[in-house]
Amino acid sequence: MKSPLLSLPGAVSAEGVDEGVAAHYGDLFREQRALADGNGFVDLSHRGVVAVTGDDRLSWLHLLLTQHVTDLPVGVATEALILSAHGHIEHALYLVDDGTTVWMHTEPDTQEALIAYLESMKFFYRVEVADRTSEFAVVHLPAGSIAPVPDGVVVRETPYGRDLFLPRADLESYAEKAGPPAGLLAYEALRVEHHRPRLGFETDHRTIPHELGWIGTAVHLQKGCYRGQETVARVQNLGKPPRRLVFLHLDGSEVHLPGHGTELRLAEEGADGRKIGFITTSVRHHELGPIALALVKRNVPLDAPLLADSTAAAQEVVVEP
C-alpha cells in the first residue's frame with residue numbers, strides 16, 4: 001500500500017518489506033536528530049492493522065498470546081508474540097485496548113496470516129477479528145512530542161513514543177500539522193540504538209523469545225498455557241538459549257554497511273574463521289556512527305572483537321549469555 005506522503009518534498013521510498021513509505025526525506029541525520037529531540041513524526045502506514053472486538057476479546061487473546069492481557073487496562077500499551085508449537089516466534093503484535101476494541105499493528109503484509117490463525121482459534125468465544133489496514137494508518141510520534149492527537153484517535157503510549165491509529169483518509173492533513181516528517185531509516189536507527197528487536201529482522205525461522213530479550217516485555221512468565229509455552233518455560237527454568245542478541249559498534253571507516261545476514265566471525269580467526277553469528281540490522285546513527293544488532297552464539301566471549309565480512313565490530317551485551 002503506497003503512502004500518499006511519498007509525494008512530500010525529498011521523499012525517497014523505502015525498499016523490501018518497508019516499501020510504500022519513505023526511507024528518508026533528503027536528510028537522514030537531521031531526521032534522526034529531530035526524532036531524538038521529540039519533534040516530527042514517522043509514517044508507518046505500511047504496517048498491518050488488526051482489530052478484535054467482542055466481550056471475550058481479552059480473555060480469548062490471553063489464551064493465544066505470550067502476554068498477560070486478561071485485565072489489560074484501557075489505554076495501556078503492551079506487546080505480545082504468537083509462537084509456534086516449538087516456541088519459535090511467528091508474529092509480534094503491538095496492542096492497546098480502547099474499552100471496546102483491541103487494536104494491534106503488525107509487520108507489513110503479515111496481517112493476513114495472523115488473522116487466519118486467529119480465526120481458526122475462535123471456537124465458541126464472542127469475538128470478531130477484522131483487517132483494518134485499508135482504513136487506518138499507523139503514525140509514530142517520538143517520545144517528548146507535543147504534536148496534537150486528533151479527538152477519537154486510538155493511541156499506544158510507550159517509552160519510545162506514541163503510535164497513532166489514524167484514519168487513513170486523514171493521513172495527509174495530519175502530516176501538515178505534525179511537524180517535519182522523518183523516514184524509516186531514522187526510525188530504525190533509534191530502534192537499533194535502543195536494542196529493540198523487530199520481527200523478520202532480528203528473527204529467523206528458529207528464533208525463540210529469550211534470544212532477543214523479549215522475555216518480560218512481550219512474554220509474561222507467570223501466565224498459563226499458550227502455544228509454545230513449554231519451550232519458553234523449559235529454557236527459562238532449565239537452560240539457556242542457543243543464541244543471544246548483541247549491539248555492535250562498526251568500523252566507521254568503511255563506506256558500506258554490512259547488510260542483513262552478513263556472517264560474523266571472531267576477529268582473531270580472520271575472514272576464514274568459523275561463523276559465530278550474523279548481522280540482523282545495520283544503520284548509520286547521527287551520534288554513534290555505524291551500529292548494528294546481531295545474533296551470535298551464546299558462548300561467544302563478551303569482549304571478543306568480531307568481523308562482519310571485512311568490517312571490524314565491537315560488542316555490547318544486550319542479552320546475557
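Points worth noting:
- Proximal lysines to residue 275, defined as alpha-carbon separation beneath 17 angstrom and excluding residues fewer than eight positions away on the same chain: 297
- Accessible-area ranking of 13, 3, largest first, probe 1.4 Å: 13, 3
- Note on region 210-321: semi-axes of the ellipsoid equivalent to its C-alpha gyration tensor, largest first and rounded to whole Å, are 30, 16, 11.
- Applying the criteria of a DSSP loop state and at most 12 other Cβ atoms within 10 Å to the trypsin sites (Lys or Arg not before Pro) of region 245-321 yields 274.
- In the chain, the sites counted are chymotrypsin sites (Phe, Trp or Tyr not before Pro) in DSSP loop states with at most 12 other Cβ atoms within 10 Å, and the longest stretch holding none of them, exclusive of the sites, is 125-321.
- Ranked by solvent-accessible area (1.4 Å probe, protein heavy atoms only, all chains present), the residues 121, 1, 104 order from largest to smallest as 1, 121, 104.
- Note on region 97-233: Kirkwood hydrodynamic radius from all Cα pairs is 17.6 Å, rounded to one decimal.
- Under Stokes-Einstein, with the Kirkwood radius over Cα pairs as Rh, the value for region 237-282 at 25 °C and 0.890 mPa s is 197 µm²/s.
- Gyration tensor (alpha-carbon) shape descriptor, region 9-56, a/c threshold 1.5: oblate
- Alpha-carbon Rg with Dmax, taken over region 57-149, Å: 14.0, 44
- log10 of Debye I(q)/I(0), alpha-carbon scatterers only, for the chain at 0.07 Å⁻¹: -0.29
- Taking only the Cα atoms of region 201-273, the ratio Rg/Rh comes out at 1.09, with Rh defined as the Kirkwood radius.
- Remark: relative contact order (the chain) = 19 percent; criterion is Cα-Cα distance under 8 angstrom and separation of 6 or more residues.
- In the chain, taking the dipole from charged Cβ atoms about the Cα centre, the farthest positive-side position among 13, 23, 314 is held by 314.
- For region 4-134, the Kirkwood hydrodynamic radius comes to 16.5 Å, computed from all pairs of different C-alpha atoms.
- With every protein chain in place and a 1.4 angstrom probe, the accessible-area ranking of 285, 68, 62, largest first, reads 68, 62, 285.
- Here residue 151 and residue 236 are evaluated by their C-beta separation; at R0 = 45 Å the FRET efficiency comes out at 0.55.
The values are calculated or read from the model by the stated rules, or taken from the named source; none is laboratory data. Predicted model, so just to flag it, every value in this text is computed and none were measured. With ideal geometry, Cβ positions are generated from the backbone for all residues, glycine too; neighbour counts draw on all protein chains shown. Just so you know, the surface numbers come from the protein's heavy atoms only, side chains and all, with ligands and any DNA or RNA stripped out. Shrake-Rupley method; radii C 1.70, N 1.55, O 1.52, S 1.80 Å.
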